[in-house]
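Down below is the structure, laid out as structure tokens.
The values are calculated or read from the model by the stated rules, or taken from the named source; none is laboratory data. No experiment lies behind these values; they were computed from the predicted model shown. Using ideal geometry, Cβ is built from the backbone for each residue, glycine included, and neighbour counts are taken over all protein chains shown.
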């Protein structure tokens, strides 16, 4: 019997969710998944929507025009089941992250050091040894980010903010600002399956899950590992000695900062491509 179409209309978080759904027998027997990245603004043709039995989507507002959630939901067949997914984001681990056009994971502190004329080595040492105050009001930044997630989920069918608030200080719950780590992805998958009446995520699937985005962990500022009495967040997974997986290498935060600054000093914006093409460690 042919499987029905599940249209997964989501950003890169859909890439992490999809293998969990496809590895769950109760879901895989019923659905085949087509993941369409929403941020590319790719059109969703009528024949695709007409054949859709399950629409898993992140909320898109009116500014997205014909791709807005309100527009798409009106174009789906009456028999299609629609379920809103979280669109997760957390800045608490990276207080100096900023949106800078054309630059991957831009950092206000590193950009400022670059503008002052420091060499990549000098700037990376400053970054590594900076006190928490250099990174702003870190606790306030984290709290504001948590509250934004809570507000986004106020009327949502799947809620991750309570899990984030409970565990963010003791377990790293994000790989980058917009890539949730294993615990949150498993929670979303389990929630989707339960809301569909498919019994939740099997333990075997959770155990065998290989997160597709764990090839790049955005390093945390070491200062966040300092005690709260010194202005840090006492995060047990942040510190000078921690080594993060960055594609083919294992890097400390200082190593990463040096690469970031070398990339930017060369006028490059595609940091991820720069890092991905570094030769493996000897």
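A few remarks follow.
- Within the range 119-154, the residues that satisfy the criterion of being without any contact (Cβ under 8 Å) to a residue 60 or more places away in the chain and either in contact with a strand residue (DSSP E or B) (Cβ under 8 Å, 6 or more places away or on another chain) or buried (at least 16 other Cβ atoms within 10 Å of the Cβ) (or both) are 126, 141, 145, 146.
- Failed item in (1) in contact with a helix residue (DSSP H, G or I) (Cβ under 7 Å, 6 or more places away or on another chain); (2) under 24 Å from residue 157 (Cα atoms); (3) exposed (fewer than 14 other Cβ atoms within 10 Å of the Cβ), with residue 41 passing the rest: (2)
- Scope the range 138-197; condition outside any helix (DSSP H, G or I) and either more than 16 Å from the chain's Cα centre (by Cα) or on the phi > 0 side of the Ramachandran plot (or both); matching residues: 153, 154, 155, 156, 157, 158, 169, 170, 196, 197
- Only residues that are farther than 24 Å from residue 147 by Cβ, in contact with a strand residue (DSSP E or B) (Cβ under 8 Å, 6 or more places away or on another chain) and buried (at least 18 other Cβ atoms within 10 Å of the Cβ) were counted across the range 77-113, and they come to 1.
- Members of the range 204-241 found to be over 23 Å from the mean Cα position of the chain (by Cα) and not assigned by TED's automatic domain parsing to the domain that holds residue 105, listed by number: 204
- Within the range 210-238, being in contact with a helix residue (DSSP H, G or I) (Cβ under 9 Å, 6 or more places away or on another chain) and more than 17 Å from residue 96 (Cβ to Cβ) holds for 210, 211, 212, 213, 214, 215, 216, 228, 230, 234, 236, 237.
- Qualifying residue in the range 95-109 (condition: in a helix (DSSP H, G or I) and within 18 Å of residue 263 (Cα to Cα)): yes
- Considering the conditions (1) surrounded by fewer than 15 Cβ atoms within 10 Å (Cβ to Cβ); (2) on the phi < 0 side of the Ramachandran plot, residue 9 is excluded by exactly one of them, (1).
- When we screen 56, 8 for residues that are assigned to a strand (DSSP E or B) and in contact with a helix residue (DSSP H, G or I) (Cβ under 6 Å, 6 or more places away or on another chain), the only hit is 8.
- Candidates 61, 136, 65 - the one that is touching a helix residue (DSSP H, G or I) at 6+ places or on another chain (Cβ under 9 Å) and in the same structural domain as residue 227 (by TED's automatic domain parsing): 136
- Entry remark, the range 252-276: residues being in a loop (DSSP other than H, G, I, E, B) and touching a residue at least 40 places away in the same chain (Cβ under 8 Å) number 3 in total.
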